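A.B. asks: The structure's right below; bear with me while I get my questions together.
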Amino acid sequence: GLAPLRVGVVGLGYLGAVHAACMAELGHEVVGYDIDQAKLDALAAGRAPFFEPGLPELLTRVTSGEADGSIAFTTEVADLKACEVVFVCVGTPQRKGELAADTTYVQRAFESLADVVEGPALLVGKSTVPVGTAARLADDLAHRAGHLELAWNPEFLREGHAVTDTLAPDRFVLGVTSERAEALLRRVYARPIANGTPVLVADYPTAELVKTAANAFLATKISFINAMAEVCEAAGGDVKVLADAIGHDDRIGRKFLNAGVGFGGGCLPKDIRAFMARAGELGADQALTFLREVDSINMRRRAKVVDLAREACGGSFIGRKIAVLGAAFKPHSDDVRDSPAISIAAMARLQGADVVVTDPEGVANAQRLWGDLTYAVDTDEALRGADVVLLLTEWPQYVQLDPAHVASLARGRQVIDGRNVLDAAAWRAAGFTYRALGRPNA
Ligand code: UDX
């Protein structure tokens, strides 16, 4: 049987809330700490403070005593004093006006834990941080709190799959400096490890870098195919067929080769920028100059969609209505951070278009962050009277839209497929001019 551990989780945002619930599901006695009382109340009542499939069900299980472990929530960091393992899951946002990540919250979390955790205990960093952060934190701990040890254990969860990615990840990366720390983390994750999840043991810098390198690779893969889309646009090819064909080579693989409006969200854009900034500090900036290209290819796709939309309007946005389908940075998420859809909508508006944005889950968040755009909760309302329809987030309900129904609502017959997911022939049959990215003849 499993020996449950007293596990603390600091910061109940996306990563922390999911991690805390999953630790209870794995059998541990969990205390989740955050400063936001409203968030804690929601979590304690089994409600997720953000849209994440499967999380409400899991929260209900772990808060109602159905799971093997238990979970409690607190705004008092002192309530973590008896924990044997504490995970730090606070954010590392991009600094205003800079590429670098802001590690203030991470720093503060470790400082307050050093003051309250009685120990002996293992403090585990999960936040995505610039390489070198863990060594610095370990040094601080050695001076301030010798009874506490540090481990770095990056997280690779994807929004929309956060629960399954946490309960059954592709791998565990344990950045540790002692056998005791490794053994403790193996106990935390005993169940998934028993089910075959591979474990990689690393030093601190490698553990930190695994996360950044993985995200840099994924961003590069997306920008690679989007660069091929640009070439296809110039040469008259079809990037979707190209992706299928090169993807059959399993050294390349078909995943993350979907050309379109590019990547957004709270991780990939910020992480590649922070990575470049950190490499610069380390004197290794040349190693990552290619990420600048990755970033600019990604941003150019957004501008390209605006150009296509203006063309579809006959050369000017003035007096034209654009229906933007999608606000979230990807489907099955309400996250609008650095969303290509929002930035395209904002650019078209700036150029004079009358833009209406809709999304099944993301409207409330978008409204909060970009209050000057116009939103519709209802898809039909967004489509009514539109001159151009822009598909920017591939929610299934948009992919499956009946073009004849859209034609009954829209004024124009122009559709732009920013994700290369619509059935071009069906839209044409309904009278639409169909444009996609990287497929000039599709
Ligand atoms: C990402 C990583 O996948 C995850 O491992 C890490 O822990 C956090 O960052 P996430 O931000 O949830 O996860 O989204 P992901 O599914 O990776 O998609 C990122 C962006 O790339 C989205 O905007 C998506 O639309 C875009 N994308 C993805 C493409 O444009 N093309 C693709 O082929 C794949």
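Derivation of every value follows stated rules applied to the coordinates shown; laboratory data play no part. Since this is a predicted model, take the numbers as computed values, not measurements. So basically every Cβ, Gly included, is an ideal-geometry build from the backbone, and we count neighbours across all protein chains shown.
A.B. asks: Would you list 77, 62 from fewest to most Cβ contacts within 10 Å? Intermediate values should be presented prior to the final figure.
C.D. replies: Working: 77 20, 62 24.
Going from least to most buried by this count: 77, 62.
A.B. asks: A follow-up question, please. Ratio of the range 291-426's C-alpha Rg to 2.2 N^0.38 Å, to two decimals? Before the final figure, lay out the partial values.
C.D. replies: Working: Rg = 13.7 Å, N = 136, 2.2 N^0.38 = 14.2 Å.
Compared with the compact-globule rule of thumb, the range 291-426 sits at 0.96.
A.B. asks: Over all distinct Cα pairs, what is the inverse of the mean 1/r for the chain, reported as the Kirkwood hydrodynamic radius in Å?
C.D. replies: Values: mean 1/r = 0.0430 Å⁻¹.
Value: 23.3 Å, from the Cα pair sum.
A.B. asks: Quick one: dipole size for the range 301-436, taken about the Cα centre, charges +1 on Lys/Arg Cβ and -1 on Asp/Glu Cβ, in debye to the nearest 20. Walk me through the intermediate numbers first.
C.D. replies: Details: 16 positive and 17 negative charges, 102 e Å.
Charge dipole, the range 301-436, about its Cα centre: 480 debye, nearest 20.
A.B. asks: Give, as a single signed number, the net charge of other residues whose beta carbon lies under 10 Å from the beta carbon of residue 409, with Lys and Arg counted +1 and Asp and Glu -1. List each step's numbers first, then the result.
C.D. replies: Details: positive: 384, 411; negative: 380, 381.
Here the charged neighbours net out to 0.
A.B. asks: Within the chain, count lysine pairs with alpha carbon atoms under 23 angstrom apart where the residues are 8 or more positions apart or belong to different chains.
C.D. replies: Eligible lysine pairs with Cα atoms under 23 Å apart amount to 26.
A.B. asks: Now for a different question. Which of the trypsin sites (Lys or Arg not before Pro) found in the range 1-76 are loop residues per DSSP with 15 or fewer other Cβ atoms within 10 Å of their Cβ?
C.D. replies: Details: sites: 6, 39, 47, 61; in loops: 47.
Answer by residue number: 47.
A.B. asks: Moving on. How far is helix 340-350 tilted off the main Cα axis of the chain, in degrees rounded to 10, range 0 to 90?
C.D. replies: The two axes meet at around 50 degrees.
A.B. asks: Compute the Cα gyration tensor for the range 212-295, then decide on rounded, prolate or oblate, letting a ≥ b ≥ c be the square roots of its eigenvalues: rounded whenever a/c is under 1.5, prolate when a/b is larger than b/c in the other cases, and oblate in all that remain. Intermediate values should be presented prior to the final figure.
C.D. replies: Values: a/c = 2.24, a/b = 1.98, b/c = 1.13.
Note, shape of the range 212-295 comes out prolate.
A.B. asks: Before anything else, pin down the relative contact order of the chain: Cα pairs under 8 Å, at least 6 apart, normalised by residue count, whole percent. Let's see the in-between values first.
C.D. replies: Numbers: 926 pairs, mean separation 51.8, N = 442.
Result for the chain is 12 percent.
A.B. asks: Another question, then. When only Cα pairs under 8 Å and 6 or more residues apart are kept, what is the percent relative contact order across the range 301-436? Walk me through the intermediate numbers first.
C.D. replies: Details: 275 pairs, mean separation 33.7, N = 136.
With pairs under 8 Å counted, the relative contact order is 25 percent.
A.B. asks: Summarise the long-distance tail of P(r) for the range 253-309 by giving the % of C-alpha pairs beyond 17 Å. Spell out each step's value before the answer.
C.D. replies: On the way: 769 of 1596 pairs.
The proportion of pairs with Cα distances above 17 Å equals 48 percent.
A.B. asks: Follow-up. Quick one: compute the contact order of the range 83-241, relative version, from alpha carbon pairs under 8 angstrom and 6+ residues apart, as a percent. Write down the numbers at each step before the final one.
C.D. replies: Details: 222 pairs, mean separation 30.2, N = 159.
Once normalised by length, the contact order is 19 percent.
A.B. asks: Going by how many other beta carbons lie within 10 Å of each one, how would you line up 23, 276, fewest first?
C.D. replies: Details: 23 28, 276 21.
In increasing order of surrounding Cβ atoms, one gets 276, 23.
A.B. asks: Calculated from DSSP H runs of 4 or more alone, at -39500 (n - 2.57) each and per residue, what is the 222 nm mean residue ellipticity of the chain, nearest 500? Walk me through the numbers before you get to the answer.
C.D. replies: Values: 18 runs with 194 residues, N = 442.
Value at 222 nm, helices only: -13000 deg cm²/dmol.
A.B. asks: Listed highest first by mean packing, meaning other Cβ atoms within 10 Å per residue, what order do 353-366, 85-98 come in?
C.D. replies: Working: 353-366: 22.6, 85-98: 18.7.
Result, highest mean first: 353-366, 85-98.
A.B. asks: Can you put 433, 128, 379 in order of Cβ neighbours within 10 angstrom, beginning with the fewest? Each step should come with its number before you reach the end.
C.D. replies: Working: 433 14, 128 25, 379 20.
Starting with the residue having the fewest Cβ neighbours, the order is 433, 379, 128.
A.B. asks: Which of 345, 279, 100 ends up with the largest GNM mean-square fluctuation for the chain, with Cα atoms connected below 10 Å?
C.D. replies: The residue that fluctuates most here is 279.
A.B. asks: Angle check, please: helix 179-188 long axis (alpha carbons) against the longest principal axis of the chain (alpha carbons), in degrees 0 to 90, nearest 10.
C.D. replies: It works out to around 60 degrees.
A.B. asks: Please compute the volume of the convex hull spanned by the alpha-carbon atoms of the range 6-202 and report it per residue in Å³. Kindly include the intermediate steps, with their values, before the conclusion.
C.D. replies: On the way: hull volume 22.7 nm³, N = 197.
With only Cα atoms used, the range 6-202 gives 115 Å³ per residue.
A.B. asks: Residue farthest toward the positive end of the dipole of the range 6-202, with Cβ of Lys/Arg at +1 and Asp/Glu at -1: which of 143, 197, 11?
C.D. replies: 197
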